[in-house]
1. Rounded if a/c is under 1.5, else prolate if a/b beats b/c, else oblate: with a ≥ b ≥ c from the C-alpha gyration tensor eigenvalues square-rooted, which is the range 3-78?
2. Once you place label points 7 Å from the Cα toward the Cβ at residue 63 and residue 24, how far apart are they in nm?
3. Could you line up 65, 99 from fewest to most neighbouring Cβ atoms inside 10 Å?
4. Suppose R0 equals 25 Å. What FRET efficiency, 1/(1 + (r/R0)^6) with r the Cβ-Cβ distance, do residue 103 and residue 17 give to the nearest 0.05?
5. Just want the ordering: 57, 24, from fewest to most Cβ atoms lying within 10 Å of their own Cβ.
6. Sort 31-38, 15-22 for me by packing, meaning the mean count of neighbouring Cβ atoms within 10 Å per residue, highest on top.
7. Quick one: length gained pulling residue 71 to residue 42 fully straight, 0.36 nm per residue minus the C-alpha distance?
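Where a number appears in this text, it was derived from the coordinates with a stated rule and is not lab data. Computed from a predicted model, the values in this text were never measured in an experiment. Backbone-built Cβ (ideal geometry, glycine too); neighbour counts: all protein chains shown.
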């Protein structure tokens, strides 16, 4: 059975851990290429959710090779670095909903 793995920053990993998702942490600006190659070689994961900024540093040739095989499926995620206030949080959530369902949702109190 394939599993889900999230590769993210230490600041955001706690939420994924609380949800029961397996997480590998890396510092901002780090190169995840060796970690990614090791994960693919092991073949335990069917879905990888990876921070967009970390994924941008991976060589395009490696990503093409992964896409060609089809597994694991790589989903880029963009978690906020911090919550600066309620308005920012609501804006972020509204953008996530819009991207997921294709419609703008106005959050009312």
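1. oblate
2. In this crude label model, residue 63 to residue 24 measures out at 1.7 nm.
3. Final ranking by Cβ density, sparse to dense: 99, 65.
4. Step by step, r from the Cβ atoms, then E = 0.20.
5. 57, 24
6. The densest-packed peptide leads the list: 31-38, 15-22.
7. Net length gain for the segment: 9.3 nm.
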